[in-house]
Amino acid sequence: MEPVINLESSLSAECTSHALNAPIWRDVLAQAMTGELVAAMNYTALSEICDHPAEVADALEHAEGEQGHAAAFAAEGRRIGVNVANNIDAKYWKRLREAFMRCIADRDFIGCLIVQEIMLESFAVASYARVGKVAPGSLGKTFAAIAEEEEGHVEHAMAILKTERALDAPRFDDKVHRLHLEVMTTLAEMLTKECKHGHCEVCHDNCVKPSLPEVNLTPAELRGASLQQYLKTLDMLGLPGEVTLAWVSQLPV
Amino acid sequence: MGESIASVVARERTNGADFALIGHQETWRAAADVLAVLRGPAYPPLPDEEIKDILPWIPPRAVCHVDLGSIAGAKARGLYIDSFIPPDRLEPAYMRENLARVRGAAAYAIKVGAKIVSLGGFSSILIEGNFDQLPERHDTTFTTGNTLTVALIVQGINKMCALEGRNLRKSTVLIVGATGDVGSGCARCLAPAVSRVLLTARNVERLRKLAAELEADGARVELATGCQPFSEGADIVICAASLASPSLLLGRIAPDAIVCDAGYPKNLSSSAEMPGAKIFFGGLGQVNGGMTFTPDFHGILNRHPFPDVVQGCLLEGMALALEGRFEPFSQGRGFITPERVEEMGTIAARHGICLAPLYNSDGPVEEKTSC
């Protein structure tokens with residue numbers, strides 16, 4: 001998979017007018033970059049439990065793509081004059097990674113797809129798309145382009161997961177619910193309007209959430225868009241909407 | 001959550017849905033109550049500001065299952081689908097967004113295989129002139145439900161006249177919002193039965209057309225597009241469109257006029273401006289053959305002082321499902337005739353769906369009765 005951004009392209013300071021909001025974009029980019037690195041690690045781990053060579057190749061290609069996304073976000077940081085850090089051991093990301101790795105330990109290929117492609121990618125697609133709409137210039141274009149690519153990942157998994165659900169829908173849905181409780185609870189805590197459980201360990205200084213309105217974003221909008229995308233993805237899988245709505249309504253706020 | 005996933009999935013697979021009801025919540029309080037039921041008793045209610053942040057992002061979807069019984073023994077199974085139109089976005093400024101939400105709800109109904117879909121409240125108003133905006137459908141039929149709404153309004157007027165000892169034949173009826181689907185249906189039903197009909201609406205061309213139609217059948221008709229007075233005050237008023245203020249009726253109605261608030265949302269109440277008016281909420285019916293919600297949304301989706309009361313527009317699809325007639329009984333605008341109203345009223349009554357006990361914002365106007 002081609003990275004969406006050519007890293008050889010000019011990194012000359014695109015616009016010094018970003019300077020005022022650069023600390024905000026730095027933290028937004030840091031969250032995105034960390035998420036991409038976690039995804040890359042997840043796909044690499046997934047490749048190790050795949051049975052078929054085609055699946056192995058797919059997983060490795062995805063891992064490479066996610067690394068490309070992380071590099072693209074780092075490049076966007078340099079473009080606006082900030083160093084984008086990442087922290088895959090930050091508390092929420094670590095929990096998300098651990099949930100995925102439990103599926104790996106169980107050699108649960110379907111569980112892995114549900115966590116990565118349905119839950120984490122829903123979050124990525126929706127939040128990147130929102131950032132893409134408001135971020136200026138190249139930064140916005142990069143987020144929008146990566147959002148589109150991530151949507152492709154969801155579509156890729158959908159066919160496999162629909163086939164699996166057709167075999168035993170109640171069992172499949174129970175598995176989604178079990179993973180939802182673990183993964184979506186963590187994501188929901190990440191997405192609360194204010195960080196109630198201390199520093200997320202990704203933002204550079206203080207929590208970026210209160211500053212988001214300065215770049216025409218709000219924590220509520222990022223949360224709402226992410227959960228909407230998640231519900232729509234579960235709809236496409238065929239889970240009953242009244243059930244998934246109850247699940248989402250029970251998430252922490 | 002009231003049901004296990006397995007039971008919900010099994011229910012969907014084995015039965016599909018005879019009918020679907022598309023609606024939304026009118027107030028933030030109602031929306032909060034819906035979310036509280038969905039969250040279940042183990043979770044504290046969401047703070048109001050969180051509800052206002054969350055609700056606009058919820059895609060249209062089923063909220064609960066509805067099991068319906070008929071006094072004739074028939075049964076039907078359906079879904080209530082909420083379009084999640086935020087209660088503070090009912091104004092025309094949000095028309096495009098709200099249409100998209102209703103389309104989304106319609107697509108959901110089609111996806112779950114509902115045989116007939118009724119459009120409730122604002123959804124019905126949005127779609128009555130925009131049926132072509134609904135998604136392409138295969139085995140799913142849509143009805144605005146306006147014919148049964150008209151039937152229940154007319155029944156309510158007759159009942160209120162009886163309660164108040166009024167002679168309908170000697171009455172002058174004012175219809176506000178007369179060119180809409182419900183307003184014009186009421187005009188066609190009542191014009192032959194009253195002394196004079198006063199019509200008011202914004203579109204003068206449609207008003208003239210309706211007036212000509214009624215006059216051709218022998219009715220005495222006056223029309224007005226604005227607040228100008230008619231030659232005489234009305235004894236009976238049907239507000240088929242929501243009024244911004246009761247003051248818009250001043251000078252046009254008798255002090256003790258019977259006023260049927262059939263608009264959406266219902267917002268008329270006895271006030272200093274019309275203290276003697278006999279106001280009731282019109283277009284509401286009651287299910288007498290049994291109705292259960294899973295999870296239990298009784299009193300939340302139907303917030304009325306009497307049990308099992310539902311808007312007529314929603315009841316139409318339910319009645320047709322009980323009858324096994326999965327057809328677009330009400331579509332478009334201006335096609336409701338007295339014959340169709342009578343037919344729909346008969347179908348509904350056969351299954352125990354009849355006029356709800358009359359009430360207004362102050363409470364019941366009469367003791368509970370059954371059909």
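Only the coordinates and a few stated rules stand behind these numbers; no lab work does. Note that the coordinates shown come from a computational prediction; the quantities given were computed from them, not determined experimentally. Cβ sites come from the backbone with ideal geometry, for glycine too, and all protein chains shown count toward neighbours.
Worth a mention:
- Relative contact order (%) - chain B, alpha-carbon pairs under 8 angstrom, separation at least six: 21
- Amide H contacts under 5 Å for B:Leu223: B:Leu199, restricted to partners 5 or more places along the chain or on a different chain, H placed in the peptide plane at 1.01 Å from N.
- Distance between the pseudo-spin-label points of A:Arg102 and B:Ser269 (7 Å out from Cα toward the beta carbon): 5.1 nm.
- Acute angle (nearest 10 degrees) that the helix B:312-323 long axis makes with the longest principal axis of chain B, alpha-carbon atoms: 60
- Highest-fluctuation residue, A:Ala63, A:Ala220, A:Ala147 considered, GNM on chain A with Cα pairs under 10 Å: A:Ala220
- Take every Cα pair under 8 Å whose residues are at least 6 apart in sequence, average their separation, divide by the length of region A:20-249, and the relative contact order is 24 percent.
- Partner lysines for A:Lys196 [C-alpha distance under 19 Å; skip if fewer than 8 residues away on the same chain]: A:Lys91, A:Lys94, A:Lys209
- Cα gyration tensor shape for region B:274-326, rounded if a/c is under 1.5, else prolate or oblate: oblate
- Taking Cα atoms only, the orientation of helix B:181-190 departs from the longest principal axis of chain B by about 50 degrees.
- Cα gyration tensor shape for region B:133-218, rounded if a/c is under 1.5, else prolate or oblate: oblate
- The loop-placed trypsin sites (Lys or Arg not before Pro) in region B:101-208, going by DSSP, that have at most 14 neighbouring Cβ atoms within 10 Å of their Cβ come out as B:Arg137, B:Arg202.
- Antiparallel bridges, percent of DSSP beta bridges restricted to the protein assembly as shown (to nearest 5): 35
- Against chain B, whose longest principal axis is taken from its Cα atoms, helix B:338-350 shows a tilt of about 40°.
- Gained length - A:Glu148 relative to A:Glu214, 0.36 nm times residue gap less alpha-carbon distance: 21.3 nm
- For chain A, the membrane-span-like helix rule (DSSP H, alpha carbon extent of at least 18 Å along the helix axis, mean Kyte-Doolittle at least -1.0) picks out A:22-47, A:53-79, A:91-105, A:121-134, A:137-167, A:219-237; this says nothing about an actual membrane.
- Contour excess over end-to-end distance, with Cα ends at B:Ala93 and B:Thr292 and 0.36 nm allotted per residue: 68.1 nm
- Between the alpha-carbon centres of region A:44-93 and region B:141-215 there is a gap of 66 Å.
- Over region B:322-371, relative contact order from alpha-carbon pairs under 8 Å, at least 6 apart, %: 26
- Under-5 Å amide H pairs with B:Phe19, H placed in peptide plane, nonlocal only: B:Arg77, B:Gly78, B:Leu79, B:Lys115, B:Ile116
- Calculated FRET efficiency for the pair A:Glu64/B:Ala42, C-beta based, R₀ 41 Å, to 0.05: 0.40
- Spatially proximal lysines relative to A:Lys133 (Cα-Cα < 16 Å; intrachain offsets below 8 disregarded): A:Lys141
- Cα shape, chain B, gyration tensor, a/c 1.5 rule: prolate
- Mean projected area in nm² (Cα convex hull; one quarter of hull surface) for the protein assembly as shown: 30.8
- Label-point separation, B:Lys75 to B:Arg169 (7 Å along Cα→Cβ), nm: 4.7
- Between B:Asp139 and B:Val204, the C-beta separation translates, for a Förster distance of 25 Å, into a calculated FRET efficiency of about 0.05.
- Hull volume per residue, based on the alpha-carbon atoms of region A:20-249 and their convex hull, is 109 Å³.
- Distance between the C-alpha centres of region A:94-138 and region B:56-126: 31 Å, rounded to the whole angstrom.
- Within chain A, longest stretch clear of exposed GluC sites (Glu not before Pro) (DSSP loop, no more than 13 other Cβ within 10 Å): A:49-193
- Candidates B:Ser83, B:Ser70, B:Ser242, ranked by Gaussian network fluctuation over chain B, Cα under 10 Å, top entry: B:Ser242
- Each other residue within a Cβ distance under 14 Å of B:Arg166 adds +1 if Lys or Arg and -1 if Asp or Glu, for a net charge of +1.
- Rg ratio (alpha-carbon, reference 2.2 N^0.38 Å) - region A:20-109: 1.22
- Here the residues B:Val204, B:Val37, B:Val154, ranked from fewest to most Cβ neighbours within 10 Å of their Cβ, fall in the order B:Val204, B:Val37, B:Val154.
- Estimated Rh, region A:147-186: Kirkwood, alpha-carbon pairs, angstrom: 11.3
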